[in-house]
Amino acid sequence: MQVSQDQPIYSDAPLQLLLFVDGRPKSKPQVQRIRSYLKELQADYNFDLQIIDVGQQPYLAEHFKLVATPALIKIHPEPRQILAGSNITGELKTWWPRWQAAVDAYLELQSGLHENDENGRLREPKSSIRSVAVSAELIRLSDEIFRLKQEKEKLQEQIQFKDRVIAILAHDLRNPLTAASIAIDTLQSNYNPQKGEFERLTPKMTLHLFKHARNQAKTIDRMITDLLQVDRGNEREFPIQPQKVDIGKLCLEVLEELRDRYIAKSHKIKKDIPKDLPNVYADPERIRQVLINLLDNAIKYTPEGGDISVCGLHRTSQKVQFSIGDTGPGIPEENRDRIFENHYRLERDQGKEGYGIGLCLCQRIIQAHYGQIWVDTAPDGGAWFHFTLPVYPT
Ligand code: ADP
């Protein structure tokens with residue numbers, strides 16, 4: 001335990017006091033008054049006083065369940081007593097004779113019990129300043145262990161999540177890589193170095209294969225660039241806490257929250273969430289935000305009496321695709337990428353309330369999960385927003 005400089009070294013004094021102080025300028029005069037009164041008493045009485053700054057040792061204040069400072073605590077002889085409030089000196093004057101009487105009774109009891117150890121010293125009181133310090137330290141340490149355990153679990157989740165994502169990426173990269181390799185192999189196996197030409201391949205076909213290989217390489221490049229960007233930007237902006245999430249259930253909860261809104265517009269909700277849709281590996285709060293934004297838009301932009309659909313799909317062994325569709329005006333093809341930009345709104349919708357940030361937020365959240373989000377058009381012209389998330393490993 002930290003003791004302020006002018007405090008006595010630990011002794012076995014039968015009366016032991018702790019004075020809790022804080023750094024507020026407002027409480028300084030009161031603390032000074034208490035300290036000088038205790039100093040006066042120290043001339044005539046034998047007691048231990050330790051001064052504890054709650055700012056430095058908050059766990060000790062917690063240990064004694066203090067609600068205000070300054071506070072003077074008699075920790076020995078038992079029972080413990082706390083003097084707090086604006087008139088500690090006054091209270092101390094009242095209690096001092098009784099505390100002295102308790103000390104006398106304690107000393108008498110001790111000598112009566114012959115509880116001297118081999119050196120003839122009185123045994124350390126059970127609730128001494130030292131034992132209080134030890135138990136407060138234990139509380140602090142167990143709090144610390146609890147915090148570290150939680151942190152460890154969180155880190156393990158993060159590592160597991162990254163493993164999952166790497167597996168998905170490896171899988172996703174393989175498609176364009178295989179396609180590029182096939183095109184290059186075909187070109188190579190048909191190339192005659194002596195003649196310097198591609199045999200059995202028409203010039204049109206040769207050109208097509210070159211183009212195809214180059215496009216696949218570009219796709220790979222884009223995937224890697226996106227990935228690096230996500231890692232750089234989103235992790236700091238969106239520290240996600242991935243865990244096992246039943247996305248179908250989460251979506252139904254969000255729909256329930258928005259019930260009043262779609263009922264008011266007489267929308268029909270169509271649900272197609274397979275019972276065996278796997279759990280996803282995601283941050284439930286963040287995904288809730290995505291679902292709220294997409295469903296909110298669907299309700300906002302769909303005229304009265306329209307349909308809103310939610311649909312889950314186990315797309316590959318690694319990914320779940322979730323889609324939200326509506327029968328509103330849809331998104332024109334030329335605007336499909338731009339609507340995910342910050343503050344972008346279709347000119348057509350400038351009159352409607354909104355700030356054009358919802359979809360941008362959705363994209364950042366989904367990208368932080370290493371998923372994809374995009375929009376296309378339903379056969380009847382409405383918008384269909386789709387996003388993918390990693391499957392939770394079984
Ligand atoms: P906000 O809805 O607040 O304007 P968003 O970022 O959510 O911002 O959407 C951006 C724009 O995309 C909207 O202004 C709107 O023009 C268009 N949009 C979004 N969702 C839909 C939808 N379901 N149907 C038609 N247009 C939509």
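The values are calculated or read from the model by the stated rules, or taken from the named source; none is laboratory data. Everything numeric in this text was worked out from a predicted model, so none of it was measured. Note that each Cβ is placed from the backbone with ideal geometry, even for glycine, and that neighbours are counted across all protein chains shown. Heavy atoms of the whole protein, side chains included, go into the accessibility calculation; ligands, DNA and RNA do not. Shrake-Rupley method; radii C 1.70, N 1.55, O 1.52, S 1.80 Å.
Once every DSSP H run of n ≥ 4 in the chain is given -39500 (n - 2.57) and the sum is divided by its residues, what mean residue ellipticity at 222 nm do you get, rounded to the nearest 500 deg cm²/dmol?
Calculated mean residue ellipticity at 222 nm is -17000 deg cm²/dmol.
Taking a threshold of 19 Å on the Cα-Cα distance, which of the pairs LYS249/LYS319; LYS149/LYS249; LYS149/LYS319 fall above it?
LYS149/LYS249; LYS149/LYS319
Taking R0 as 56 Å, what's the FRET efficiency between LYS271 and ARG200 from their Cβ-Cβ distance, rounded to 0.05?
After rounding, the FRET efficiency stands at 0.55.
Could you compute the FRET efficiency for GLN56 and ASP104, with r as their C-beta to C-beta distance and R0 at 30 Å, rounded to 0.05?
The computed FRET efficiency comes out at 0.30.
Leaving out ligands, DNA and RNA, what percent of the accessible area of segment 15-126 is carbon and sulfur, probe 1.4 Å?
For segment 15-126, the apolar C and S fraction of the accessible surface comes to 52 percent.
So what J values fall out for segment 382-394 if you push phi through Karplus, 6.51 cos²θ - 1.76 cosθ + 1.60 with θ = phi - 60°, rounded to Hz, Gly and Pro as x?
x, 8, 10, 9, 10, 9, 10, 9, x, 6, 6, x, 9
In nm, give the distance between the simple-model label positions of ASN87 and LEU361, each being 7 Å from the Cα along the Cα-to-Cβ direction.
Inter-label distance under the simple model: 5.4 nm.
Calculate what fraction, in whole %, of the accessible area of segment 243-390 sits on carbon and sulfur atoms when a 1.4 Å probe is rolled over the protein chains.
47
Using the heavy atoms of the protein chains and a 1.4 angstrom probe, tell me the accessible area per residue for the chain in square angstrom.
Normalised by residue count, the accessible surface of the chain is 59 Å².
Cut-off 10 angstrom, C-alpha nodes, Gaussian network model of the chain. Which of GLN321, GLN243, GLN42 fluctuates the most?
GLN42
Calculate how large, on average over all directions, the projected area of the Cα convex hull of the chain is; give the answer in nm² to one decimal.
Seen from a random direction, the Cα hull of the chain projects 37.1 nm² on average.
What are the equivalent ellipsoid semi-axes of segment 15-126, built from the alpha-carbon gyration tensor (square roots of five times its eigenvalues), in whole angstrom, biggest first?
Calculated on Cα positions only, the semi-axes equal 28, 16, 12 Å.
Using a basic spin-label model with each label point 7 Å from the Cα along Cα→Cβ, how many nm lie between ASN190 and HIS171?
Taking the simple label geometry, ASN190 and HIS171 are separated by 3.3 nm.
What's the carbon and sulfur percent of segment 143-231's accessible surface, probe 1.4 angstrom, rounded to a whole number?
Using a 1.4 Å probe with all protein chains present, segment 143-231 comes out at 59 percent carbon and sulfur.
Between SER36 and GLU256, what is the label-to-label distance in nm when each label sits 7 Å out along the Cα-to-Cβ direction?
6.6
Using 1/(1 + (r/R0)^6) with R0 = 41 angstrom and r between the beta carbons of SER111 and GLU151, what's the FRET efficiency to the nearest 0.05?
0.20
Give, rounded to the nearest 20 debye, the magnitude of the charge dipole that segment 276-394 has about its Cα centre when Lys and Arg contribute +1 at Cβ and Asp and Glu contribute -1 at Cβ.
360
Normalising by the residue count of the chain, find the relative contact order in percent from Cα pairs under 8 Å and 6+ residues apart.
Contact order relative to length: 12 percent.
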